[in-house]
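The values are calculated or read from the model by the stated rules, or taken from the named source; none is laboratory data. What you see is a predicted model; the values in this text were computed from it and never measured. Neighbour counts are summed over all protein chains in view; Cβ atoms, including those assigned to glycine, are modelled from backbone coordinates with ideal geometry. Keep in mind that these areas ignore ligands, DNA and RNA; they rest on the heavy atoms of the full protein, side chains included. Shrake-Rupley method; radii C 1.70, N 1.55, O 1.52, S 1.80 Å.
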Amino acid sequence: MSELGDIHHWLRERLPALLVEHKVPAAAVAVSVGGDVIDVAAGVLSRATGVEATTDSVFQIGSITKVWTATLVMQLADEGKLDLDAPVRRYVPEFVIADEDAAAAITVRQLLSHTAGFEGDVFTDTGKGDDCVEKYVATLGGTPQLFAPGTMFSYNNAGYCVLGRVVEVLRGKPFDACVREHLFGPLGLTHAANGADEAILFRAAVGHIQPAPDADPVAAPIWALARSNAPAGSMLTMRVRDLIAFGRMHLDGGKAADGTQVLSADAVARMRQPQVTLPALGLMGDAWGLGWEVFDWPGGTVIGHDGNTIGQAAMLRLVPGRDVAVALLSNGGNPFALYTAIFTRILRDLAGVELPPLPAPPEVPETVDVERYLGTYRCDVAELVVERDGDGRLWLEQRPQGLMAQLGGQVERTELVHLSTDRFVPLKATLGVHLPHVFVGDDGTGHALYIHSGRAIRRVAN
């Protein structure tokens, strides 16, 4: 039996038990080596209905959509219709944020690499019409600038919605139609949808949430986020084999399975070139390209992206040097533990790549002066208060705001322990993960200007 055949057998045997172990209602996994693809599914798509998952079931891919949006942008660059280093306003003159100088300077490349610098967690619902992305961009006028464009990384959902509008303007059609005509069609995808109205035609997964940390997952009351955030990842839904087809195109120099040139080989190569180095976050890439995360892992460079929506999670990893692609789609529970169990085995056996160990608190945390970190940091969806207790320990209290509060987010308080320099992790894991928090910059008084865990959340002036 081939190595891929061994993995196929292992997944069929092991996946059902892994779902039970990690409280994941359902999942689908696909693996590709060269032109060979295997896929496996298990579990139930909704615990409310008991419908079983199959390999043709469709799941939301969340923010993996951003790589699709970036691919649409790079197609336009291939055609000479777009310059990556041109200001966004060349294509969307109405793009306005609170900082006029920044709005005039931000480039397409900076949006693609999450270095534009404005607040990114903006989830305004502007309706379900074909003009919803255009209307969304028009709401950004008061969005604050966190740092000068191009100077650092901060994950930016809003920036990808702006990119979606760039695509709409240059194609003269709604974002959904661009995805369908320039990606679904050329890639030959048969089980892919731009939202609930299309997903209902297939066997569709429902997201699951946990009412309490130790509770069993239950079907979420909402299927998807707002359509206006579609270019950032709120809508795109597909079976795992179709997600692998997209990944294979990026491994095969931009060619679809039938030989159709979907994207130039040059654009494929440019998308995976690092544009910005990330803080030592541990759970994200070491760098970001034009859409792709870039992971420098033992055994080779890996590119990929993750996605999370309301109770659904997706992971995609490509190993260009070994021609390997792996995708996981799931609908609740502890998807990160499931990802670790599955991808560790597959990437080691098929690509010779090792997942690095997850960040974890040291057995005896070092005592450090925490004065620099104390204070309040705020963005649209959360307020983070960093405090020191009477014993000198550091605590982080996260208070949901905006959309996160509307979705029922609860105030969470956790102790932070020192890892290295300005890097801390929660003493208590969430879903088995100790998410690193890095304090970055200086506010001019010796205090950190940002707390960074993928997003740079700025200190509130005293």
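Show the residue pairs that are 6+ apart or on different chains and have beta-carbon atoms under 6 Å apart, the first residue being within the range 118-135 and on the phi < 0 side of the Ramachandran plot, the second being assigned to a strand (DSSP E or B) and open to solvent by 30 Å² or more (accessible area, probe 1.4 Å).
Partner pairs satisfying both residue conditions: Phe118/Gln145.
In the range 22-36, which residues are out of contact with any strand residue (DSSP E or B) (no Cβ under 6 Å at 6 or more places or on another chain) and either under 21 Å from His191 (Cβ atoms) or free of Cβ contacts under 8 Å to residues at least 40 places away in the same chain (or both)?
Those that are out of contact with any strand residue (DSSP E or B) (no Cβ under 6 Å at 6 or more places or on another chain) and either under 21 Å from His191 (Cβ atoms) or free of Cβ contacts under 8 Å to residues at least 40 places away in the same chain (or both): Gly35, Asp36.
Does Pro357 satisfy the criteria of being touching a residue at least 60 places away in the same chain (Cβ under 8 Å) and in a loop (DSSP other than H, G, I, E, B)?
Taking the combined requirement at face value, the residue does not satisfy it.
Within the range 94-103, does at least one residue satisfy the condition of being among the β-branched types (Val, Ile, Thr), touching a strand residue (DSSP E or B) at 6+ places or on another chain (Cβ under 7 Å), open to solvent by 10 Å² or more (accessible area, probe 1.4 Å) and touching a residue at least 12 places away in the same chain (Cβ under 8 Å)?
no
Taking the condition of being closer than 22 Å to Val108 by Cβ and small (Gly, Ala, Ser), how many residues in the range 281-299 meet it?
Going through the range 281-299 one residue at a time, the tally reaches 4.
If you take the residues of the range 279-306 that are touching a residue at least 24 places away in the same chain (Cβ under 8 Å) and more than 20 Å from Thr340 (Cβ to Cβ), which of them is most open to solvent (accessible area, probe 1.4 Å)?
Per the criteria, the residue is Pro279.
Test of understanding: among Gly127, Gly142, which residue is more than 30 Å from Ala287 (Cβ to Cβ), touching a Lys or Arg at 6+ places or on another chain (Cβ under 8 Å) and not basic (Lys, Arg)?
Gly127
Given the condition under 23 Å from the mean Cα position of the chain (by Cα), part of a helix (DSSP H, G or I) and within 30 Å of Leu112 (Cα to Cα), answer yes or no: does some residue in the range 22-29 qualify?
no
Out of the range 188-205, which residues are among the aliphatic types (A, V, I, L, M), assigned to a loop (DSSP other than H, G, I, E, B) and buried (at least 19 other Cβ atoms within 10 Å of the Cβ)?
Leu189, Ala205
Looking at the structure I just gave you, is His208 over 30 Å from Ala448 (Cα atoms), at pLDDT 95 or above and either open to solvent by less than 20 Å² (accessible area, probe 1.4 Å) or touching a Pro at 6+ places or on another chain (Cβ under 9 Å) (or both)?
So His208 fits the description; yes.
Scan the range 59-79 and give yes if some residue there is under 20 Å from Ala245 (Cβ atoms) and part of a strand (DSSP E or B), otherwise no.
Among the residues of the range 59-79, at least one is under 20 Å from Ala245 (Cβ atoms) and part of a strand (DSSP E or B), which makes the answer yes.
Name the pairs whose Cβ atoms lie under 6 Å apart, with the first residue in the range 250-275 and under 15 Å from Leu72 (Cα atoms), the second open to solvent by 60 Å² or more (accessible area, probe 1.4 Å) and acidic (Asp, Glu), and 6 or more positions between them or separate chains?
Here the result reads Ser264/Asp78; Ala267/Asp78, each pair linking the range 250-275 to a residue that is open to solvent by 60 Å² or more (accessible area, probe 1.4 Å) and acidic (Asp, Glu).
Can you name the condition, by its number, that Leu111 falls short on among (1) more than 26 Å from His191 (Cα to Cα); (2) part of a helix (DSSP H, G or I); (3) open to solvent by less than 10 Å² (accessible area, probe 1.4 Å); (4) touching a strand residue (DSSP E or B) at 6+ places or on another chain (Cβ under 9 Å)?
(4)
For the range 137-154, which positions are touching a helix residue (DSSP H, G or I) at 6+ places or on another chain (Cβ under 6 Å) and not in a loop (DSSP other than H, G, I, E, B)?
Scanning the range 137-154 gives Val137, Gln145.
Being free of Cβ contacts under 8 Å to residues at least 12 places away in the same chain, open to solvent by less than 50 Å² (accessible area, probe 1.4 Å) and not acidic (Asp, Glu): is that true of Thr344 here?
Criteria met by Thr344.
Restricting to the range 423-448, and then to whatever is aliphatic (A, V, I, L, M) and open to solvent by less than 30 Å² (accessible area, probe 1.4 Å), can you tell me which residue is nearest to Asn334 (Cα to Cα)?
My answer is Val433.
Take Asp39 and decide whether it is among the charged types (D, E, K, R), open to solvent by 20 Å² or more (accessible area, probe 1.4 Å), in contact (Cβ under 8 Å) with a residue 12 or more places away in the chain and closer than 25 Å to Glu293 by Cβ.
yes
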